[in-house]
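Every read-out reported here was derived from the displayed coordinates using simple, explicitly stated rules and does not represent laboratory data. Worth saying up front: this structure is predicted, and the values here are computed from it rather than measured. Cβ coordinates were reconstructed from backbone atoms using ideal geometry, including for glycine residues, and neighbour counts include every protein chain displayed.
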Amino acid sequence: MGDQSENKTVKWGYILQAEDRPSLRKQRESISCHEIDTSQYGPIWHDVFEGTTTRPRKHLTAREDMLGAIKPGDTLVVPALSCLGLSPVDIDWFLKELAAKQVDVIVNGGSTRIKAGTDTTNIIDQAKKAQRNQHMKRYRKTKS
């Protein structure tokens, strides 16, 4: 008989430190509320991004490693919608990758739950709106 631990599902956390994202402290707090070990070697994947890019996959290496480790039935906890990626296009790609792996996603402390394979159009629309709002905030700052 095979080892039963092979079939055990895991609840992972993902932190994206980048401009216009929640602080590292807030992201860790959000993830720890889901009983995920936030110690240095816990089941959390952590990317730090500074600057701009048109190729997020090249820069978010922890996320790429996580996609290689995550298994069907696992759950990914992400502190905020903006922590799923660097742009709405990137978020859409990431959610499709997770859906293909049959991984459920919990966002924003559980206020958004995305079951693998469900339509994410509304989520992407929310990301686009949030991105527009951030651009407008920056624009207004430069004009004042």
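Which lysines does residue 96 reach when only Cα atoms under 18 Å apart count, and residues fewer than 8 places away in its own chain are ignored?
58, 71, 115, 128
Based on the mean of other beta carbon atoms within 10 Å per residue, what is the order of 43-49, 21-27, 10-16, most packed first? Can you show the working numbers first?
Values: 43-49: 17.4, 21-27: 14.7, 10-16: 21.6.
So the order, starting with the most tightly packed, is 10-16, 43-49, 21-27.
Would you please classify the overall shape of the range 84-123 from the alpha carbon gyration tensor, given that a ≥ b ≥ c denote the square roots of the eigenvalues, rounded means a/c under 1.5, and beyond that prolate means a/b larger than b/c while oblate covers the rest? Walk me through the numbers on the way to the answer.
On the way: a/c = 1.58, a/b = 1.08, b/c = 1.46.
The shape class here is oblate.
Take the alpha carbon atoms of the range 42-87, find their center, do the same for the range 129-144, and report the distance between the two centers in whole angstrom.
Cα centroid to Cα centroid, the span is 25 Å.
On a 0 to 90° scale, report how tilted helix 121-143 is relative to the longest principal axis of the chain, with both axes built from alpha carbons and the result rounded to the nearest 10.
For helix 121-143, the angle is close to 40 degrees.
Sticking with the crude label model, points 7 Å out along Cα→Cβ, report the distance from residue 89 to residue 52 in nm, one decimal please.
My value for the distance between the label points is 1.3 nm.
Can you give the charge dipole size of the range 82-132 about its Cα centre, rounded to the nearest 20 debye, using +1 on the beta carbon of Lys and Arg and -1 on the beta carbon of Asp and Glu?
Working: 7 positive and 6 negative charges, 23 e Å.
I would put it at about 100 debye.
Positive end of the dipole of the chain, charges at C-beta (+1 Lys, Arg; -1 Asp, Glu), about the Cα centre: which of 72, 94, 38 has its Cα farthest in that direction?
Among 72, 94, 38, the one farthest towards the positive end of the dipole of the chain is 94.
Expressed as a rounded percentage, what relative contact order does the chain have, with Cα pairs under 8 Å and six or more residues apart?
Values: 201 pairs, mean separation 33.6, N = 144.
After rounding, I find 23 percent.
What dipole magnitude, in Debye to the nearest 20, does the range 40-115 give about its Cα centre under +1 on Lys/Arg Cβ and -1 on Asp/Glu Cβ?
Values: 9 positive and 9 negative charges, 37 e Å.
The dipole of the range 40-115 has a size of about 180 debye.
Would you kindly state how much longer the chain becomes between residue 135 and residue 115 on full extension, computed as 0.36 nm times their sequence separation minus their alpha carbon distance, in nm to one decimal?
Length gained between residue 135 and residue 115: 4.2 nm.
Given [x] 58, 39, 31; [y] 68, 33, 29; [z] 84, 42, 26 as candidate values of Cα extents along the principal axes in Å, which corresponds to the one derived from the coordinates?
Only one option fits the structure, namely [y].
In debye, nearest 20: dipole of the chain around its Cα centre with unit charges on the Cβ of K, R (+) and D, E (-)? Don't skip to the answer; put the middle values down first.
On the way: 23 positive and 18 negative charges, 184 e Å.
I would put it at about 880 debye.
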